[in-house]
1. Being over 15 Å from Phe28 (Cα atoms) and open to solvent by less than 70 Å² (accessible area, probe 1.4 Å) is the filter here; which residues of region 74-84 pass it?
2. Taking region 161-189 as the search range and keeping residues that are hydroxyl-bearing (Ser, Thr, Tyr) and in a helix (DSSP H, G or I), which one is nearest to Val268 (Cα to Cα)?
3. Being more than 21 Å from the chain's Cα centre (by Cα) and either in a helix (DSSP H, G or I) or at pLDDT 85 or above (or both) is the filter here; which residues of region 27-42 pass it?
4. I'd like to verify a number: residues in region 104-126 that are over 30 Å from Asn220 (Cα atoms), open to solvent by less than 40 Å² (accessible area, probe 1.4 Å) and not aromatic (Phe, Trp, Tyr), how many?
5. Check every one of the helices (runs of 4 or more DSSP H) wholly within region 208-308 and list those with 1 or more residues that are closer than 17 Å to Ser109 by Cα, free of Cβ contacts under 8 Å to residues at least 24 places away in the same chain and open to solvent by 40 Å² or more (accessible area, probe 1.4 Å).
6. What residue, among those in region 178-191 that are more than 19 Å from Gly273 (Cβ to Cβ) and not aromatic (Phe, Trp, Tyr), is least open to solvent (accessible area, probe 1.4 Å)?
Amino acid sequence: MNKKIVRIFLRRVLSSAVVLFLLITFIFFLVRISPGDPSQRFISPAFSPQLAESVRQSFRLDEPLFNQYTVFIRNFAAGDLGISYNYRRPVLFVIGDFLPFTVTFALVSFALQLLISISLAYYTVKRKNSLTDKIVSGTMLAAYATPVFVAGVILIYIFSVQLNLFPSSGIAPIDVHTYGFFRKILAYAHHLFLPFIALSMVEVAILYKYLRDNLNDVFNKTFILNLRANGIKEKTILLRHVIPNAANPLISVTGIELGILFGGTLIVEVIFGLPGMGRLTIEAILTRDYPLVIGCTLIAGVLMIFSNLTADIVRAKIDKRVLIGALN
């Protein structure tokens, strides 16, 4: 049994690695066949053509595309993603400066999304078809229909421009290093409030919809009615029977949504000027920093695959039927 589980896990990891390899291969050729030359931003019209060619040679852009790809694959196998054209540093070091913020920002936002969606779903399912249920459902529908970039611009216009309640960019005041611990936490929360709202609106709506429908289905099951008839406390029914049964189908969705969330931070970070992977990716694309574009794509793919794999493991841990189905 254990050997089969390990085999299933390794098969998933291998298939994910193949998908990731195909992804970065596609990005490698896509950015190179698109119009533009990254060496041009380092060249002045006053410089000689020989200098221009020298810059291209330093980037290995003068070689045939297949040769560039061969070198890329060889270096990638050795764990080397190359040197960023803009930062003149190894790509992994550059990403290491920006990745922690994006991961922290996404995970904190995800935790808040789960807390809000679970609370709203449980509150409204107990008040089905009430005015509160209709208002919350309508609000969630509107949030789901609003694109992230539109929500970000609207939030900035209302709360930053018109009401001047929250900053429109940055993660903290310039002199935040002089603050005490609690004041520093409040300063970060004040600056990141609008980005959290913009990033969370769609995800909360999705999780709320799934969880509310699942809770409603479980509450109407016969075994729940039997438990109530036997005098089991409502809190015990909720924690031991309703939530585990309702959460199981949601776990796969949360794995996908968490992966999408990492990608969603790209837009939010650009709109609110946050120092994360989103802004780094856009900068790399606009400046045609080939190694950095591939590095950002690779990290985004790894985060997506890791979140889905983690969701599958958690789901199998909660519901053994998932594991049995995979073994068969």
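1. Gly79, the sole residue that qualifies.
2. Going through region 161-189, the residues hydroxyl-bearing (Ser, Thr, Tyr) turn out to be 168-169, 178-179, 188.
Adding the requirement that they be in a helix (DSSP H, G or I) leaves 178, 188.
Numbers: Thr178: 27, Tyr188: 16 Å.
By that ranking, first place goes to Tyr188.
3. Our first condition is that a residue be more than 21 Å from the chain's Cα centre (by Cα); within region 27-42, this holds for 28-42.
Result: Phe28, Phe29, Leu30, Val31, Arg32, Ile33, Pro38, Ser39, Gln40, Arg41, Phe42.
4. In the first step, residues of region 104-126 are kept if they are over 30 Å from Asn220 (Cα atoms); the result is 104-109.
Now narrow it down to the ones that are open to solvent by less than 40 Å² (accessible area, probe 1.4 Å): 105-106, 109.
Filter once more, keeping what is not aromatic (Phe, Trp, Tyr): 106, 109.
Selection size over region 104-126: 2.
5. Numbers: elements: 222-229, 234-237, 243-272, 277-286.
In region 208-308, 243-272 are the helices (runs of 4 or more DSSP H) which contain 1 or more residues that are closer than 17 Å to Ser109 by Cα, free of Cβ contacts under 8 Å to residues at least 24 places away in the same chain and open to solvent by 40 Å² or more (accessible area, probe 1.4 Å).
6. Of all residues in region 178-191, those more than 19 Å from Gly273 (Cβ to Cβ) come to 178-186.
After this cut, where a residue has to be not aromatic (Phe, Trp, Tyr) as well, the list is 178, 180, 183-186.
Numbers: Thr178: 90, Gly180: 43, Arg183: 144, Lys184: 65, Ile185: 88, Leu186: 123 Å².
Here the answer is Gly180.
Residue-wise test of (1) part of a helix (DSSP H, G or I); (2) at pLDDT 85 or above; (3) more than 22 Å from Leu30 (Cα to Cα).
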| site | (1), (2), (3) |
| --- | --- |
| Tyr69 | yes, yes, no |
| Val103 | yes, yes, yes |
| Ala106 | yes, yes, yes |
| Tyr122 | yes, no, yes |
| Asn129 | no, no, yes |
| Val136 | yes, yes, yes |
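The values are calculated or read from the model by the stated rules, or taken from the named source; none is laboratory data. The shown structure was predicted, so the numbers you read here are calculated from the model rather than taken from an experiment. Cβ atoms come from the backbone with ideal geometry, glycine included; neighbour counts cover every protein chain shown. Note: areas computed on protein heavy atoms with side chains; ligands, DNA, RNA excluded. Shrake-Rupley method; radii C 1.70, N 1.55, O 1.52, S 1.80 Å.
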